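The values are calculated or read from the model by the stated rules, or taken from the named source; none is laboratory data. The model shown is predicted, which means the values in this text are computed figures rather than measured ones. Please note: Cβ atoms are built from the backbone with ideal geometry, for glycine as well, and neighbour counts cover all protein chains shown.
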């Protein structure tokens with residue numbers, strides 16, 4: 001039994017020893033004793049009361065022992081449930097110190113489960129992301145509820161990697177410290193889940209995927225239509241002076257091709273590692289299913305081009321940049337704790353091309369937006385639009 005049982009047993013033994021001593025005194029007393037009988041009677045009453053107290057203590061001890069067993073069973077059930085969850089789960093205090101971690105978390109973080117307890121979650125991140133993470137932790141307590149973050153972990157061995165985080169404040173009773181619940185997933189696993197949630201029927205039609213790496217020019221055949229599976233493609237033309245002009249950004253599911261434009265000069269460049277389907281134009285002309293899939297996307301591309309024309313119509317470069325960032329926010333934005341993160345890293349030269357200005361001007365305007373807290377840059381140099 002527990003500590004309660006040990007204390008109760010010792011107390012009961014002491015009471016029994018005192019009672020036995022009192023009986024011995026009663027048996028050995030004679031009329032010549034100087035001890036009054038009334039005193040012995042009072043000692044007997046006190047002994048009976050102590051025996052009753054010992055009995056009550058024993059009963060309370062049994063109840064406490066049963067409560068301990070119940071709590072331990074609940075704790076064990078909770079621990080088994082935590083280990084059953086396939087995703088990495090953590091429980092931390094408000095400062096991010098790890099209190100509990102399951103085996104999946106130990107595997108993801110590449111550290112022993114016992115090593116994680118008492119460690120700061122911040123210390124497991126890359127150095128360049130720690131300050132931003134601490135800021136997010138502080139803001140989390142002011143904005144309760146579930147939040148999704150992107151963090152970059154640095155394992156004990158190997159290269160750093162991105163992790164998608166779902167965190168929630170666990171509100172305790174009054175005067176109790178706050179705890180945070182964490183669910184962590186490798187970013188690549190999240191992408192696979194999203195791909196499973198949104199399967200593309202084009203794969204059933206037998207079109208192979210072709211890969212173009214960042215910066216590569218994608219060939220445009222008038223007899224085919226490209227459709228983006230993943231990544232981002234920059235579509236540009238050239239002015240009479242030879243200046244490159246952005247006419248579109250093709251993200252996931254977006255179609256493009258020389259057959260879909262009247263521009264004599266048209267170029268497609270991968271802004272990130274990109275996977276594309278190559279669809280014969282004859283299939284599109286004869287397949288109602290393909291038309292049903294592609295026509296809404298073609299219409300969306302035309303609307304995007306109209307918005308870009310509106311960007312170019314702004315006389316001030318600052319207004320052009322502002323409108324372009326708003327467009328990018330809609331097209332390739334991902335909500336994060338501090339605002340909206342652009343999924344593709346765009347260089348200052350890319351933004352300058354889109355705004356028909358110089359890279360130096362764009363750099364100056366972006367620094368100004370950062371000073372105004374309207375824009376920030378994450379560890380992978382992706383733009384985050386805050387209050388833009």
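Can you pull out the residues in the stretch 303-335 that are over 22 Å from residue 364 (Cα atoms) and touching a helix residue (DSSP H, G or I) at 6+ places or on another chain (Cβ under 9 Å)? Break it down stepwise before answering.
Filtering the stretch 303-335 down to residues over 22 Å from residue 364 (Cα atoms) leaves 303-307, 309-310, 330-335.
Within the stretch 303-335, 304, 307, 310, 330, 331 qualify.
Which one is farthest from residue 291 (Cα to Cα), of the residues in the stretch 228-258 that are touching a residue at least 60 places away in the same chain (Cβ under 8 Å) and not in a loop (DSSP other than H, G, I, E, B)?
My answer is 244.
Tell me, yes or no, whether the stretch 253-261 has at least one residue that is crowded, with 19+ Cβ neighbours inside 10 Å and at positive phi.
Yes, the stretch 253-261 contains a residue that is crowded, with 19+ Cβ neighbours inside 10 Å and at positive phi.
Taking residue 300 and the conditions (1) assigned by TED's automatic domain parsing to the domain that holds residue 378; (2) more than 30 Å from residue 141 (Cβ to Cβ), which numbered condition does it fall short on, given that it satisfies the others?
(1)
Residue 128 - would you say it is at pLDDT below 85, outside the structural domain of residue 336 (by TED's automatic domain parsing) and farther than 18 Å from residue 186 by Cα?
The answer is yes for residue 128.
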